[in-house]
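Participant: My structure is below; once you've seen it, I'll send some questions.
The values are calculated or read from the model by the stated rules, or taken from the named source; none is laboratory data. Not measured: the values here are computed from a predicted model. Note that each Cβ is placed from the backbone with ideal geometry, even for glycine, and that neighbours are counted across all protein chains shown. To get the accessible areas, we keep the full protein, side chains included, count just its heavy atoms, and leave off ligands, DNA and RNA. Shrake-Rupley method; radii C 1.70, N 1.55, O 1.52, S 1.80 Å.
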Amino acid sequence: MNIAIVCYPTFGGSGVLATELGKALAEKGHNIHFITYQQPVRLGGFHANIFYHEVRVPTYPLFDFPPYETALAGALVDVVNNHSIDLMHVHYAIPHAAAAYMAKQILAKQHKHIPFITTLHGTDITLVGRDKTYSPVVTFSMEESDALTAVSKNLKEETYKNFTIEKPIDVIYNFVDVKRFHKKPISAFKDLIAPDGEKIIVHASNFRKVKRVGDVIKTFQLISKEIPAKLLLIGDGPERPEIESMTRDCNAKDDIKFLGKQEQMEDLLPIADLFLLPSEYESFGLAALEAMAAEVPVISTNAGGLPEIIINGNCGYMSNVGDVEDMSRNAIKILKDKELHAQFKANALAQALKFDIENIVPQYEALYKRVLGN
Ligand code: GMT
């Protein structure tokens, strides 16, 4: 199949998932055309079946806001016409689903019937998509999608709760390429971070409010009172200055390192002993799944779709949002008990395997065939 994929090219989970899906489909022989405003971060090197089309947004002095959605719809029409695209798959509803709808209508006038699939990822539904300004367009473009998918059962429920739509939603869970993450830790790197054998705790996110990174620092402070530990914070985003200043004022400041945005998560995660994800909401929690694939137990909240991914008391523990005492107690329990830690690590890997790329990508291929009527 020739498939056009639209996503955010940045470090967010939806862009990561869309890029990994495109790469996996290309490996299976499909031709994948990424249409984004910059090269997706996880795209990596050359692949004969992968094409990248940059959306250019011409500006004009009249435009206070360059019309990205119009530029994207135009780019979709161009790519479909010139590369015999069979279907469009857009990730994150805003504004991608509306642009795909527009492209579909333009192509229909040219007697080309090209379906589009919208994959809902999380904040496009639970936060920004619910905004009164966006909601009518999101509702319409979800309803007009030829198929609609959500990355967890929880996100499907949230969609029906927040929007008046009739459209059936297929749940296709996010996935991870377990082989890529299940590596031996790089010992020189581990020694550099934790020279005296301290436990290594990792958090990775886009540092938005919904991630509650402040709770990572609070939980870590409580942990480090009991166990020598180091905290690695991976990622960047609007809350980072606030978190940096909170860190400067805390006792454990010398044990906390900000690594910024990192592409090679598969090299970093294996050195971790524990992954912290205290989010207010996660539709899925792809970062936690990648940690589990690297055999790292997860301490998280029980919000959104996280209970669909993490088995409480088996490969991690889940607490109520904001309960940093409980999160630190659970973390200490795992880190202090060598046998329990080893068991949780093995369980994390076993659980990640359920979401392995090999189990999930065929579900997208089956959906594509269904939408194309094959
Ligand atoms: O908030 C983020 O992490 C970014 C956001 C995105 O769409 O880029 O992530 C959402 O999609 C991910 C991939 O499906 C999910 O794993 C995240 O849980 C989800 N984030 C939220 O629901 C807050």
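Participant: Pop out the carbon and sulfur fraction of the accessible area of the chain as a percent, whole number, probe 1.4 Å.
Facilitator: Working: 8320 of 16430 Å².
Heavy-atom surface of the chain belonging to carbon and sulfur, 1.4 Å probe: 51 percent.
Participant: While we're looking at this one, here's another question. Compute the distance from the alpha-carbon center of region 108-156 to that of region 208-269, in whole Å.
Facilitator: 34 Å
Participant: From the helices alone, meaning DSSP H stretches of at least four residues, give me the mean residue ellipticity at 222 nm for the chain, per-run term -39500 (n - 2.57), in deg cm²/dmol to the nearest 500. Walk me through the numbers on the way to the answer.
Facilitator: Working: 16 runs with 167 residues, N = 374.
One gets -13500 deg cm²/dmol as the mean residue ellipticity at 222 nm.
Participant: Here's a follow-up. Which angle between 0 and 90 degrees, to the nearest 10, do you get for helix 357-371 versus the longest principal axis of the chain when only C-alpha atoms count?
Facilitator: Approximately 20 degrees, to the nearest 10.
Participant: Here's something else I'd like to know. Scan the chain and report its longest stretch carrying no trypsin sites (Lys or Arg not before Pro) that are both in a DSSP loop and have at most 16 other Cβ atoms within 10 Å.
Facilitator: Values: sites that count: 28, 56, 112, 132, 183, 261.
For trypsin sites (Lys or Arg not before Pro) (loop position, at most 16 other Cβ atoms within 10 Å), the longest site-free span of the chain is 262-374.
Participant: Now for a separate question. Given H placed on each backbone N at 1.01 Å, which residues far from residue 171 in sequence or on other chains put an amide H within less than 5 Å of it?
Facilitator: Those lying under 5 Å, H to H, from residue 171 are 150.
Participant: Can you give the accessible area per residue of the chain, in Å², using a 1.4 Å probe?
Facilitator: Values: 16430 Å² over 374 residues.
With the other protein chains kept in place, the chain gives 44 Å² per residue.
Participant: Here's another thing I want to ask about it. Run through region 1-100 and list the chymotrypsin sites (Phe, Trp or Tyr not before Pro) located in a DSSP loop whose Cβ has at most 16 other Cβ atoms within 10 Å. Before the final figure, lay out each step's value.
Facilitator: Numbers: sites: 11, 34, 37, 46, 51, 52, 63, 68, 92; in loops: 11, 37, 46, 63, 92.
Answer by residue number: 37, 46, 63.
Participant: Which one, 82, 174, 359, has the greatest fluctuation when you compute a Gaussian network model over the chain with C-alpha springs under 10 angstrom?
Facilitator: Its mean-square fluctuation being the largest, the pick is 82.
Participant: Related question: If amide hydrogens are placed 1.01 Å from N in the peptide plane, which non-local residues have theirs closer than 5 Å to the one on residue 33?
Facilitator: Residues meeting the amide H criterion: 3, 4, 5, 51.
Participant: Now, a different point. How many percent of Cα pairs in the chain exceed 36 Å? Don't skip to the end; give the middle numbers.
Facilitator: Values: 17031 of 69751 pairs.
The proportion of pairs with Cα distances above 36 Å equals 24 percent.
Participant: Can you give me the angle between helix 68-83 and the longest principal axis of the chain, using Cα atoms only, in degrees from 0 to 90, rounded to the nearest 10?
Facilitator: In the chain, helix 68-83 runs at an angle near 70 degrees to the longest axis.
Participant: So how tilted is helix 213-226 from the main axis of the chain? Cα-based, degrees 0 to 90, rounded to 10.
Facilitator: 20 degrees
Participant: Pop the C-beta distance of residue 183 and residue 261 into the FRET formula with R0 = 30 Å and round what comes out to the nearest 0.05.
Facilitator: According to the calculation, E is roughly 0.90.
Participant: How about region 133-219: which GluC sites (Glu not before Pro) there lie in a loop by DSSP and see at most 12 other Cβ atoms within 10 Å? Show your work: numbers first, answer last.
Facilitator: Values: sites: 143, 144, 157, 158, 166, 198; in loops: 166, 198.
Answer in residue order: 166.
Participant: Would you tally the net charge around residue 42, using a Cβ to Cβ cut-off of less than 15 Å, leaving residue 42 out, and scoring K and R as +1, D and E as -1? Please report the intermediate quantities before stating the final value.
Facilitator: Working: positive: 23, 180, 261; negative: 20, 27, 177, 263, 266, 267, 290.
Spelling it out: positives minus negatives among the neighbours equals -4.
Participant: Please turn the phi angles of region 247-264 into ³J(HN,Hα) values with the Karplus equation 6.51 cos²θ - 1.76 cosθ + 1.60 (θ = phi - 60°), one per residue in order, whole Hz, x for glycine and proline.
Facilitator: So the Karplus estimates, Gly and Pro as x, are 5, 4, 8, 10, 5, 8, 4, 6, 9, 10, 10, 9, 9, x, 6, 10, 8, 8 Hz.
Participant: Could you tell me how far the Cα centroid of region 84-99 sits from the Cα centroid of region 282-343, in Å?
Facilitator: Cα centroid to Cα centroid, the span is 34 Å.
Participant: Could you work out how far apart the two model spin labels at residue 82 and residue 333 are, taking each label as a point 7 Å from the Cα in the direction of the beta carbon, and quote it in nm?
Facilitator: Those two pseudo-labels are separated by 5.8 nm.
Participant: Also, quick follow-up: Give me the accessible area of residue 250, 1.4 Å probe, in Å² rounded to the nearest 10.
Facilitator: The accessible area comes out at roughly 10 Å².
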